[in-house]
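All remarks here apply to the structure that follows.
Values in this text are rule-based calculations from the coordinates and carry no lab data. Keep in mind that what you see is a predicted model, and the values were worked out from it rather than measured. Using ideal geometry, Cβ is built from the backbone for each residue, glycine included, and neighbour counts are taken over all protein chains shown.
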Amino acid sequence: MTTIDETLRVPVTLTVNGVAHTRTVEPRRLLSDFLRHDLRLTGTHVGCEHGVCGACTVLVDGDPMRSCLMFAVSAQGHEITTTEGLGTQEDMGPVQQAFVECHGLQCGFCTPGFITTITAFIEENPDPTEAEAREAISGNLCRCTGYQNICKAVLRAAEIRRQGATEGGDVP
Amino acid sequence: MKPAPFVHHSPRTLDETVATLGEVGHDGKVLAGGQSLIPVLNMRLAQPAHLVDINRVDGLDAVTVADDFVRVGATVRHAALERNDDAYAVLPLLRQALRNVAHPAIRNRGTTVGSIAHADASGEMPSIAVLTNAVMEVVGPRGRREVAATDFFEGPLQTVLEADELLEAVRFGRFTPGTRTAFLESARRHGDYALAGVAVAVDVSGDGGDAVVERARAAYVSVTDVPVVIDLSEAVAGQSISSTWDAVEDLVQSGIAPEADIHASSDYRRMLAAELTRRALATAVKEA
């Protein structure tokens, strides 16, 4: 059995939402815990911690990944985007705006994972069908909504994003 | 839960990786995408003292298309292989199967070679390895060796890999031109572990509606302990590609031994595998 030893701690520098942060952590520090405990970015939620629920999904170089299935030390050199990086309460991103408009959340626990997953999805597929929207969120669990309004929010988010693009506005 | 403490090794070259595995492999694990390993660590079902993280090793992330094979390196993500148009052009079965591997967020991180080394009976890619007669490129402190896919898998989650060896790459064999393939699985939710899944490869002669089956083979997901290939030729050789494929049922049902669990009985999985085989054969022959 390995003992917990200070010498096993390693410095980790991550770029999160455009800002570089350095912390010294154990290699076993999950990216999800690094974000929440070390950086106090509590927007990323932790549900199952084995990759099933999708609540902890963040963007790594723009691609959605489970932050509970990655060590912080492995994320060095990559650009991490969390839900905090996708808009603010005053200036929401298209997916966040769509969730508000379509009642895409109730308790909100799963929402950060949906926001990141859908942001990447509509980037790749700017005009999805409903069936594609359903498949896109199949890796995220929600126990409140029954998913209908989340599907609507995917389509609405894509619409907001397209409008933003034609108006030449910034799309986060 | 959180993983138990471990020492993290981050070699930059293959030589360094092999040397590190030689030192700590007996009490360590290779970390590639980690999409199967990290859940096991988080639940403390395993507590390796060392992790050899190969994500920063140069040269392991290449997909190479050659005349006879598609070679996939140890850190190629499922998503990268799925999107690789050169690989798709010569071996469409890769993309056909990869679309069914978990969810996109998992495919963005998980590696194809890692899922083969993990050898989960519910994994899609081990079945693709055996159906394509893949060759496993293994490297370790005692040198290199190559293992045929059919000799690689020993049991659920068990392969011939030694603790200090790395599966450096898998060479998926290309089919002869004109071989048609399909992959189908049934899961309770898209991206979940399949109740049953099948990959088929069908050789036909002749064109259009007059084409006739020469031979057909299938490999299975979730219904055998280790991936096996069932030769369906005796049931379908010589028949029209527009046939109903009913003749494969007995061969499939006697060739597999599915386990029962809370989602499906063994008999249900047998029937499902046979039905998926029929549908996959019908799909494959339509894919010209």
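Please report, to two decimal places, log10 I(q)/I(0) for the stretch B:137-288 at q = 0.10 Å⁻¹ as given by the Debye formula with identical point scatterers on the Cα atoms and no solvent. Results for the stretch B:137-288 at q = 0.10 Å⁻¹ read -0.42.
Computed about its Cα centre, the charge dipole of the stretch B:65-214 is approximately 580 debye, with only Lys, Arg, Asp and Glu carrying charge at their Cβ. For the stretch A:66-154, the set of GluC sites (Glu not before Pro) satisfying both a DSSP loop assignment and a count of at most 14 other C-beta atoms within 10 Å is given as A:Glu90. Using the Cβ-Cβ distance between B:Arg189 and B:Ser254 with R0 set to 35 Å, the FRET efficiency from 1/(1 + (r/R0)^6) comes to roughly 0.70.
Looking at the P(r) of the stretch A:87-165, how many percent of alpha-carbon pairs lie beyond 22 Å? Cα-Cα pairs of the stretch A:87-165 separated by over 22 Å account for 12 percent. Summary of the geometry: the stretch A:44-88 and the stretch B:126-188, compared by the centres of their Cα atoms, lie 30 Å apart.
What does the charge count around B:Leu157 come to, taking other residues whose C-beta lies under 14 Å from its C-beta (Lys +1, Arg +1, Asp -1, Glu -1)? Around B:Leu157, the surrounding residues sum to -3. For the stretch A:59-114, the C-alpha radius of gyration sits at 1.28 times the compact-globule guess of 2.2 N^0.38 Å, with N the residue count.
When both the stretch B:207-243 and the stretch B:1-37 are represented by their alpha-carbon centers, they are found 41 Å apart. For chain B, averaging the sequence separation of C-alpha pairs within contact (under 8 Å, six or more residues apart) and dividing by the residue count gives a relative contact order of 15 percent. Convex hull volume per residue, computed on the Cα atoms of the stretch A:6-85, equals 78 Å³. Find the centroid of the Cα atoms in the stretch A:90-112 and in the stretch B:47-61, then give the distance between the two in whole Å. If we compute the Cα centre of each part, the gap is 37 Å. Three semi-axes describe the equivalent ellipsoid of the protein assembly as shown; taken as square roots of 5 times the Cα gyration tensor eigenvalues and ordered largest first, they are 37, 30, 19 Å. In straight-distance terms, cross-link reach from B:Lys29 covers every one of the lysines whose alpha-carbon lies under 27 Å from its own, apart from those fewer than eight places away in the same chain; here that gives B:Lys2. In terms of other Cβ atoms within 10 Å, A:Leu39, B:Leu281, B:Leu167 run from fewest to most in the order A:Leu39, B:Leu167, B:Leu281.
Our coupling estimate for the stretch B:123-135, obtained by passing each phi through the Karplus curve with A = 6.51, B = -1.76, C = 1.60 and θ = phi - 60°, is x, 6, 6, x, 5, 5, 4, 6, 5, 8, 6, 5, 10 Hz, Gly and Pro reported as x. Karplus-derived 3J(HN,Hα) values for the stretch A:69-86, using 6.51 cos²θ - 1.76 cosθ + 1.60 with θ = phi - 60°, are 10, 9, 8, 4, 4, 7, 8, 4, x, 9, 8, 9, 10, 10, 4, 4, x, 9 Hz; glycine and proline are entered as x. Compactness of the stretch B:54-207 is given as radius of gyration and Dmax, 15.0, 52 Å, from Cα positions. In chain A, helices alone account for a calculated mean residue ellipticity at 222 nm of -8500 deg cm²/dmol, with every DSSP H run of four or more residues adding -39,500 (n - 2.57). All Cα-Cα distances of chain B, cut into 10 Å bins from zero to the largest, leave 7, 29, 34, 21, 8, 2, 0 percent in each bin in turn. Rounded, prolate or oblate: which fits the stretch B:1-61 when a ≥ b ≥ c are the square roots of the eigenvalues of the alpha-carbon gyration tensor, with rounded for a/c under 1.5 and prolate only if a/b beats b/c? In terms of gyration-tensor shape, oblate.
Between B:Asp86 and A:His21, what FRET efficiency follows from the Cβ-Cβ distance if R0 is 22 Å, with the result rounded to 0.05?
The formula returns an efficiency of 0.05 here.
Once C-alpha pairs closer than 8 Å and six or more residues apart are averaged by separation and normalised to the residue number of the stretch B:165-288, the relative contact order reads 26 percent.
Gain on full extension, evaluated as 0.36 nm per residue between B:Glu234 and B:Thr13 minus their Cα-Cα distance, stands at 74.7 nm. For the stretch B:77-83, backbone phi angles converted through the Karplus equation (6.51, -1.76, 1.60; θ = phi - 60°) give residue-by-residue couplings of 6, 3, 5, 5, 5, 4, 8 Hz, Gly and Pro being listed as x.
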